[in-house]
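Reviewing the structure listed below.
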Amino acid sequence: MKKLKLGLPAGSLQKTTIEMFKKAGFNINVGDRSYFPSIDDEEVECTLIRAQEIPKYVQEGVLDMGLTGKDWIVETKSEVVEAAELVYSKQGMKPIKLVLAVPNDSPVKEVKDLEGKKIATELVEATRDYLKSHNVDARVEFSWGATEVKPPKLADAIAELTETGRSLRANNLRILDVIMESTTRVAVNKDSWEDPWKRKKIENMITLLKGALLAEEKVGLKMNVSKENLDKVLNLLPALRKPTISHLHESDWVAIETVIDEKKVRELVHKLKEVGAEGIIEYSLNKIIP
């Protein structure tokens, strides 16, 4: 039987990734201390590995595909096919940023002020490339972690990944510049991408994963409304395309079904009731396939 070798990111993205796959229709079970999770698809073989290492293993063909950050593809200079962008992170549905940060009381005001200074980071190559593009010669050192605590005694500045900037602020650091934004990418081995069976398998999986992400911040909404109030209700409803309208047993009433952003429901429900909507039902979604 043909097998697709899939690399899943261990660490901070592990839980979110497995939950996303579940919504996409793939149940993944990670046993204690196991680096080879089971998946309810006999054509897929999973390996749990650090996101930092996935690009190289994909490039070398150890994995056919893997989910990793754009930052790590750039950092490792791996030659892979970026088959899809999946915008999610451990704390929400948004990109993370690699930022250059210095202590609040640092005299450094702009990038050129780092000439001859020391910068600590986990993403050494990405940081060096950024400095080179700004014609700044600084010493970039690899950080094994706890990078935020290193300035000012152990480094003049840091280049650090952040989602909210909360940890930087807690350590009295201010952002000097954004080096790059990074999102999760589906990295695919070049030979695997040319294999018709593997490519079709990967593309189908991407469709389901994107559908799960699209549904993440949306909900379904159902309601009944009299025909005389129909236009008022429709004017309030945003939708992916157009709401579905079905006739009810009572000829003067219809049922409306649509998909909207979950954040809008709280205020929208009251407005819908005011213009005559009844029996409003909100329900969660697993996937939306455009």
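Looking across region 81-118 at every residue that is in contact with a Pro (Cβ under 8 Å, 6 or more places away or on another chain) and within 21 Å of Leu208 (Cβ to Cβ), the one that is modelled with the highest pLDDT is identified as Val87. Scanning region 1-24 for residues that are within 19 Å of Asp64 (Cβ to Cβ) and either surrounded by fewer than 17 Cβ atoms within 10 Å (Cβ to Cβ) or small (Gly, Ala, Ser) (or both) turns up Met1, Lys2, Lys3, Gly7, Ala10, Ala24.
It is to be established whether one or more residues within region 152-162 are surrounded by 17 or more Cβ atoms within 10 Å (Cβ to Cβ), closer than 22 Å to Glu79 by Cβ and among the hydroxyl-bearing types (Ser, Thr, Tyr). No, region 152-162 contains no residue that is surrounded by 17 or more Cβ atoms within 10 Å (Cβ to Cβ), closer than 22 Å to Glu79 by Cβ and among the hydroxyl-bearing types (Ser, Thr, Tyr). Checking each residue in region 104-138 for being within 16 Å of Leu173 (Cβ to Cβ), under 29 Å from the mean Cα position of the chain (by Cα) and of a type outside the set (A, V, I, L, M, F, W, C) picks out Thr121, Glu122, Thr127. Count, please, the residues in region 40-67 that happen to be part of a strand (DSSP E or B) and under 21 Å from the mean Cα position of the chain (by Cα). Residues in region 40-67 being part of a strand (DSSP E or B) and under 21 Å from the mean Cα position of the chain (by Cα): 8 in total. Scanning region 91-127 for residues that are under 17 Å from Val140 (Cβ atoms) and charged (D, E, K, R), we see that the one that is surrounded by the most Cβ atoms within 10 Å (Cβ to Cβ) is Glu122.
Of all residues in region 19-39 being under 22 Å from the mean Cα position of the chain (by Cα) and among the hydrophobic types (A, V, I, L, M, F, W, C), which is farthest from Ile289 (Cα to Cα)? Among residues in region 19-39 that are under 22 Å from the mean Cα position of the chain (by Cα) and among the hydrophobic types (A, V, I, L, M, F, W, C), the one farthest from Ile289 (Cα to Cα) is Val30. Output yes when any residue across region 22-43 is β-branched (Val, Ile, Thr), in contact (Cβ under 8 Å) with a residue 12 or more places away in the chain and closer than 20 Å to Leu161 by Cβ, and no when none is. No; the residues of region 22-43 include none that is β-branched (Val, Ile, Thr), in contact (Cβ under 8 Å) with a residue 12 or more places away in the chain and closer than 20 Å to Leu161 by Cβ. Among the numbered conditions (1) modelled with pLDDT of 95 or more; (2) under 28 Å from the mean Cα position of the chain (by Cα), the only one that Ile260 does not meet is (1). For Glu194, the conditions (1) modelled with pLDDT under 95; (2) exposed (fewer than 15 other Cβ atoms within 10 Å of the Cβ) all hold with the exception of (1).
Evaluating Asn224 against the criteria (1) closer than 30 Å to Leu8 by Cα; (2) surrounded by 15 or more Cβ atoms within 10 Å (Cβ to Cβ) leaves one unmet condition, (1). Just checking, does region 126-141 include any residue being aliphatic (A, V, I, L, M) and closer than 18 Å to Gly69 by Cβ? So far as region 126-141 goes, yes, one or more of its residues are aliphatic (A, V, I, L, M) and closer than 18 Å to Gly69 by Cβ. Determine, yes or no, whether Leu67 is closer than 27 Å to Leu214 by Cβ, touching a Phe, Trp or Tyr at 6+ places or on another chain (Cβ under 6 Å) and either modelled with pLDDT under 95 or buried (at least 20 other Cβ atoms within 10 Å of the Cβ) (or both). Spelling it out, it is not the case that Leu67 is closer than 27 Å to Leu214 by Cβ, touching a Phe, Trp or Tyr at 6+ places or on another chain (Cβ under 6 Å) and either modelled with pLDDT under 95 or buried (at least 20 other Cβ atoms within 10 Å of the Cβ) (or both). Filtered by the rule that a residue be of a type in the set (S, T, N, Q) and in a strand (DSSP E or B), region 247-290 gives Thr258, Ser284. Among the residues of region 59-113, those that are over 16 Å from Ala159 (Cα atoms) and basic (Lys, Arg) comprise Lys77, Lys90, Lys94.
The values are calculated or read from the model by the stated rules, or taken from the named source; none is laboratory data. These figures come from a predicted structure and were not determined experimentally. Neighbour counts run over all protein chains shown; Cβ positions are idealised from the backbone, glycine included.
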